[in-house]
Each structure stands twice: as structure tokens, then as C-alpha cells.
Amino acid sequence: MSGPEAEFTDTRLLGSRAGTQSWIVTVINKVLPSVAAALSDVHDGATVMIGGFGGAGLPVALVDGLIGQGARDLTIVANNAGNGELGIAALLKAGRVRKVICSFPRQTDSYIFDALYRAGQIELELVPQGNLAERIRAAGAGIGGFFTRVGFGTDLARGKEVREINGEMYVFETPIYADFALIKAERGDRWGNLTYRKSARNFGPAMAMAGAVTVAEVRELVPLGGIDPEAVITPGIFVQRVVRVAQEAVVR
């Protein structure tokens, strides 16, 4: 195992007998001590998914940490291109983003993105929201692509494969993969099992599956077994790093 999480995987001698083999158990602990530690290896040019629908489920502490970490030329995959000067908008304002892949880049307070786009300082790949969610899900599910009617006959289908299926025209869409996925959850444990709070769930589960390294910002860290297995939404197998962030630290 490589990356900062390797420091928090505890290997212990469980027991041994004279003249026989020893038993060794590895204690999985994906909890890191800080946002900085969780993001220390984000590299220039990385593709980073950021969860959230507007402010709901936006991992503000992780985004702020990414600004402080310093990686540049990032491709950001998110539902929108930021609000005001917080979160994703702050990342854009810091000049760290080369390209945005999103479904809703413009709204009344998206002036940071607007200015950068009009000045030719940032690229945009506009994706209808349903297609965005499905392209992310396809990456996590190991699906090589899918056909959809959404976008046919528009500029969004330009250069893409088109096929007639059952008398209807469909456009082929490819998966969106990410080097890192930054998501926010309500509760998590040291194995990375997560639950979300209501609509804050949105893109989190799909992005967790699509990211090569998923970092979860959680409000509450509970002991192993503190989350009913039937209530787990994102299983720990899809999460590599967990960091607890107090609620008051992200309220602006």
C-alpha cells in the first residue's frame, strides 16, 4: 500500500507457538489526522471529483484543503462550477483549475467561473445532469459506455457515436474517471463505511466508486460497528481515506 493511508494501517503479531508459524493481523484504519494529510499526494493535472448539489453535500473543508495543498491544472468534475467565492468557486479563483466538467456552470452568483470562461482561462465540458451522474456511475461500475437519447441533435452530441435503437436515435457516452474523489458524509468509521444526511447524499456514492482514491469528509466518526450494516450507503471498499471535520469548521 502506498500513499498517506499506508501510515495508518497497523500490522500486529496476533500470536505464535514454539516451532510453528506466527499469526499476523492487519488492522485497517483509513482515518487520517488532518485534511492536509488526506490530500498530500494530489498531483498537478489530476482529475478530481467533488461531491455536492449546490451547498448540499459539498465537502468544503476538503476543497479548502485542496487550495492550500497547491496542486494546479486540475480537471474538476462536479454538478456546478461554484457559488459566490466559496468552495469550488474559491478553487477557480485561486487559478488551480484548467477544466470543469459539470451540468450547471452558470447561476446568479457564478461570477468567478463566468469571468474565467469569458477570458478563455478555463475549459468547460457541459454534460446534462442525468448523463453526468450516469457517466460517473459507469466508471465505478466498470461499464465501458452507454447509449442515451439525451443530447441527440444538439451540439452536445457533436463528434460522438450515434446509433438508431428501436427506431430512436441514441448518443454514446463514455465513463468519467477520476484520480481523486472528494465527498462529504454524515457518519463514517475507520473502515470507510459511510452514511449521508438526506439530500447531501446526491453524487457522493457514485463518485466514491469512480475515484481511484476517495477521500471522505465526515461530521461524525463512530467506532467500528457503530453503523448498522443495513444502513451503510457507501461501503468502505470504495473509500481510501476518512477525515473528521467538525461541523462548525465548515459553516460560513
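If we sort 179-188, 93-102, 111-120 on the protection proxy, mean other Cβ atoms within 10 Å, highest first, what's the order?
So the peptides 179-188, 93-102, 111-120, ranked by packing, come out 179-188, 93-102, 111-120.
From the C-alpha gyration tensor of region 85-126, pull out the three semi-axes of the equivalent ellipsoid (sqrt of 5λ each), sorted largest to smallest, in whole Å.
13, 12, 10
Considering the options 159, 67, 57, tell which one lies farthest towards the positive end of the dipole of the chain, charges being +1 on Lys and Arg and -1 on Asp and Glu at the Cβ, about the Cα centre.
Of the candidates, 57 comes out farthest on the positive side.
In nanometres, what is the gap between the two model label sites at residue 212 and residue 186, each 7 Å from Cα along Cα-to-Cβ?
So the label points at residue 212 and residue 186 sit 3.3 nm apart.
Let a ≥ b ≥ c be the square roots of the eigenvalues of the Cα gyration tensor of region 93-252; is it rounded (a/c under 1.5), or, if not, prolate (a/b larger than b/c) or oblate?
Note, shape of region 93-252 comes out oblate.
Springs between alpha-carbon atoms under 10 Å, Gaussian network over the chain: tell me which of 166, 80, 29 tops the mean-square fluctuations.
The residue with the greatest mean-square fluctuation here is 166.
In the chain, what percentage of the DSSP-assigned beta bridges are antiparallel, given to the nearest 5?
40 percent
How long is the gain from residue 103 to residue 26 if the chain were fully straight, where each residue apart is worth 0.36 nm and the alpha carbon distance is subtracted?
Residue separation times 0.36 nm, minus the Cα-Cα distance, leaves 23.5 nm.
Would you mind calculating the gained length between residue 36 and residue 141 on full extension (0.36 nm times residue separation, minus the Cα-Cα distance), in nm to one decimal?
That pair, residue 36 and residue 141, stretches by 34.9 nm at full extension.
At q = 0.31, 0.34 Å⁻¹, what base-10 log of I(q)/I(0) does the Debye formula yield for region 106-147 when every alpha carbon is treated as an equal point scatterer in vacuo?
Computed log10 I(q)/I(0) values: -1.02, -1.13.
Counting only protein heavy atoms and using a 1.4 Å probe, what share of the accessible area of region 143-252 belongs to carbon plus sulfur, as a whole percent?
52 percent
Could you tally up the Lys pairs in the chain with alpha carbons closer than 24 Å? Skip any pair fewer than 8 positions apart unless they're on separate chains.
Going through the chain pair by pair, I get 5.
Could you look at region 31-132 and say what percent of its accessible area is carbon and sulfur, using a 1.4 Å probe and all protein chains?
53 percent
Leaving out ligands and nucleic acids, note down the accessible area per residue over the chain with a 1.4 angstrom probe, in whole Å².
Per residue, the chain has an accessible area of 50 Å².
D for region 197-252, whole µm²/s, Stokes-Einstein with Kirkwood Rh over alpha-carbon pairs at 10 °C and 1.306 mPa s: what number?
Translational D for this selection: 127 µm²/s.
The values are calculated or read from the model by the stated rules, or taken from the named source; none is laboratory data. Worth saying up front: this structure is predicted, and the values here are computed from it rather than measured. Don't worry about glycine lacking a Cβ; one is built from the backbone with ideal geometry, like all the others, and counts go over all protein chains shown. Side chains are part of the model used for accessible areas, which takes the heavy atoms of the whole protein and leaves out ligands, DNA and RNA. Shrake-Rupley method; radii C 1.70, N 1.55, O 1.52, S 1.80 Å.
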